[in-house]
Each structure stands twice: as C-alpha cells, then as structure tokens.
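Data block below; observations after.
The values are calculated or read from the model by the stated rules, or taken from the named source; none is laboratory data. These numbers come from a predicted model, not from an experiment. As a convention, Cβ positions derive from the backbone with ideal geometry for all residues, glycine included, and neighbour counts pool all protein chains shown. Protein only, heavy atoms only, side chains kept; ligands, DNA and RNA dropped before computing areas. Shrake-Rupley method; radii C 1.70, N 1.55, O 1.52, S 1.80 Å.
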Amino acid sequence: METVARRNMIAGLVAAGGLALIGCAPPGKALEKRTQVSGSPTPAPQSAAMTVYRDPGCGCCEGWAAMAEQAGYRVTMIDRTDMAAIKRRYGVPEALSSCHTAVVGGYVVEGHVPFEHLARVLKERPASVKGIAVAGMPRGSPGMEMPDGTKDLFEVMAFDASGKTSVFEG
C-alpha cells in the first residue's frame, strides 16, 4: 500500500511539473526546431543592466534571469500579470511571443534567447534591429534545460520597429 501511495505521489509531482512548464507557454505555440544552443552564457558587455518582465506564475523565467546574472548582467525582475501589454509596449511581434520579455541596452529580448546572441547585439548595435527573440519555449534553451538533456532546435529571430522579422545570424 505504501509503495502505491509513493508511486502516485511521484506521478503527481511529475505531472504538476509538466503542467507548470506548459502553463508558461503561450496558447497554440509550437516549439521551433531549427537551431541548437551552446553551453554556458556569454559574458555581459560591461555588466549591462537588464529588466526582465515575467508572469509571476512562470518559473522558467527565473532560470533564464539567473543565467543572465551569472553572465554578468544586472537583472531586475518585474512580475506582471499583463504580459501581452508589455509585449505590445515593446513591439514584440505576436508570432515571436514567449514567456518573458527583457530590455537591455536599448534592445528587447523576447524569451529564452542564448546569451551569445544577446552579447553580439549589444556589441554590434545593429540600427535596424529593435530586438531578438526565441519564440515559444524550446526545450534545452537557456532556462529550459531538461533533466534528460533533450534539446529542441530553434531559430533566434530579429525584429525591427515595424515588426518585420528575420533570422538573426548568430
């Protein structure tokens, strides 16, 4: 009897963890399968200040922000229940929506963007780029690491002030 109860408890915890991850994803967003991420965060240029807006019910955003801090960014987390309004305010195209939106060095960073791409934007400062994004919540992206090492492929996208998107060549 005790073994069955323990199995039920473990199954419940696994299911709850899965629901927590699913709960962070925007409705109807499929995971992109295009580009793999590399390992450790690229150091922040000159300890750049970063503001991260996130829904208070989403835990994966904390993982990404912790990695940003490890890379040297000075992170301020702001919990917001109106994330759609935040994304509109910063001009994030709906198709690129993810669970959190960050602002650093005058650029918008949507979702689980690898830090080497962010460092490149901040170093090169392309005038035509308003922000970069990883749509959805790809497994294995920064902050979305999986216990079994599963990694989805995805693209890092750039967007301009008019909302036009293109692949960000990192």
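Consider region 88-103. How many of its residues are crowded, with 22+ Cβ neighbours inside 10 Å, outside any loop (DSSP other than H, G, I, E, B) and not hydroxyl-bearing (S, T, Y)?
Residues flagged as crowded, with 22+ Cβ neighbours inside 10 Å, outside any loop (DSSP other than H, G, I, E, B) and not hydroxyl-bearing (S, T, Y) within region 88-103 amount to 3.
As a summary of the residue check, R89 satisfies the conditions (1) over 11 Å from I132 (Cβ atoms); (2) touching a residue at least 40 places away in the same chain (Cβ under 8 Å) except for the one numbered (2).
Test each condition in (1) surrounded by 19 or more Cβ atoms within 10 Å (Cβ to Cβ); (2) among the hydroxyl-bearing types (S, T, Y); (3) more than 15 Å from R54 (Cα to Cα) for S128 and report the one that comes out false. S128 satisfies every listed condition except (1). Residues that are at pLDDT below 90 and open to solvent by 50 Å² or more (accessible area, probe 1.4 Å) were ranked within region 46-87; the one that is farthest from the chain's Cα centre (by Cα) is Q46. Could you go through region 94-108 and let me know if any residue there is at pLDDT below 95 and over 27 Å from P56 (Cβ atoms). Taking every residue of region 94-108 in turn, none turns out to be at pLDDT below 95 and over 27 Å from P56 (Cβ atoms). Of the candidates P138, P114, the single residue that is within 23 Å of A84 (Cβ to Cβ) and crowded, with 19+ Cβ neighbours inside 10 Å is P138. Contact map, region 145-170: first residue closer than 17 Å to S98 by Cα and open to solvent by less than 60 Å² (accessible area, probe 1.4 Å), second residue among the polar types (S, T, N, Q) and not in a loop (DSSP other than H, G, I, E, B), Cβ cut-off under 6 Å, separation 6 or more or different chains; pairs are F154/T35; E155/T35; M157/T165; A158/S166; F159/T165.
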